[in-house]
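Trainee: Below is a structure I'd like to ask you about.
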Amino acid sequence: SRTRTVDVRPVLLNPDEVYTNLQRYYPEAERAAKKEARVVVKLTLDAGGKVMSADVVNSGGAAFDSAARSVALRMRFSPAQREGKPVPVAFLQAINFKLD
């Protein structure tokens, strides 16, 4: 089934927490090896903007994929809207693990 477009896209509400979680869940072995990664996840949000699932569609390696899911599931969004009503939505989100 084709997803209809939304009038109002979800907006990330907790960017500071996401940044903290990127550090918290950064895989230790990868950090020690000075590795960075970009993982793309498909996020599915309910009508309230809560992340219901985070499925890896572009892998950064097993350890980073697991960390990306942990970060993604803790993201909070404003609800997507169609015709003024909150609706569930799915979209791709990049999770970037970068060393400071």
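Trainee: Would you pick out the residues in region 50-71 that are in a strand (DSSP E or B), closer than 24 Å to ASP16 by Cβ and charged (D, E, K, R)?
Mentor: Selection gives LYS50 alone.
Trainee: Taking the criterion of being surrounded by fewer than 16 Cβ atoms within 10 Å (Cβ to Cβ) and acidic (Asp, Glu), would at least one residue in region 56-65 satisfy it? Full working, then the answer.
Mentor: First pass over region 56-65, keeping only residues surrounded by fewer than 16 Cβ atoms within 10 Å (Cβ to Cβ): 57-59, 61-62.
With the extra rule that they be acidic (Asp, Glu), the set shrinks to none.
No, region 56-65 contains no residue that is surrounded by fewer than 16 Cβ atoms within 10 Å (Cβ to Cβ) and acidic (Asp, Glu).
Trainee: Could you say which residue among VAL39, VAL57 is β-branched (Val, Ile, Thr) and either touching a Ser or Thr at 6+ places or on another chain (Cβ under 8 Å) or in contact (Cβ under 8 Å) with a residue 40 or more places away in the chain (or both)? Step through it out loud before you land on a result.
Mentor: On the way: VAL57 fails: either touching a Ser or Thr at 6+ places or on another chain (Cβ under 8 Å) or in contact (Cβ under 8 Å) with a residue 40 or more places away in the chain (or both).
When all the criteria are applied, what remains is VAL39.
Trainee: Among (1) more than 11 Å from the chain's Cα centre (by Cα); (2) part of a loop (DSSP other than H, G, I, E, B), there is one condition ARG74 misses while meeting the rest; what is its number?
Mentor: Only one criterion in (1) more than 11 Å from the chain's Cα centre (by Cα); (2) part of a loop (DSSP other than H, G, I, E, B) is unmet by ARG74, namely (1).
Trainee: How many residues are closer than 21 Å to SER78 by Cβ, of a type in the set (Lys, Arg) and surrounded by 12 or more Cβ atoms within 10 Å (Cβ to Cβ) when one looks only at region 1-41?
Mentor: First pass over region 1-41, keeping only residues closer than 21 Å to SER78 by Cβ: 3-22, 41.
This time we only want the ones that are of a type in the set (Lys, Arg), so: 4, 9.
Adding the requirement that they be surrounded by 12 or more Cβ atoms within 10 Å (Cβ to Cβ) leaves 9.
Residues meeting the conditions: 1.
Where a number appears in this text, it was derived from the coordinates with a stated rule and is not lab data. From a predicted model like this one, the values you see are computed outputs, not experimental measurements. Neighbour counts are summed over all protein chains in view; Cβ atoms, including those assigned to glycine, are modelled from backbone coordinates with ideal geometry.
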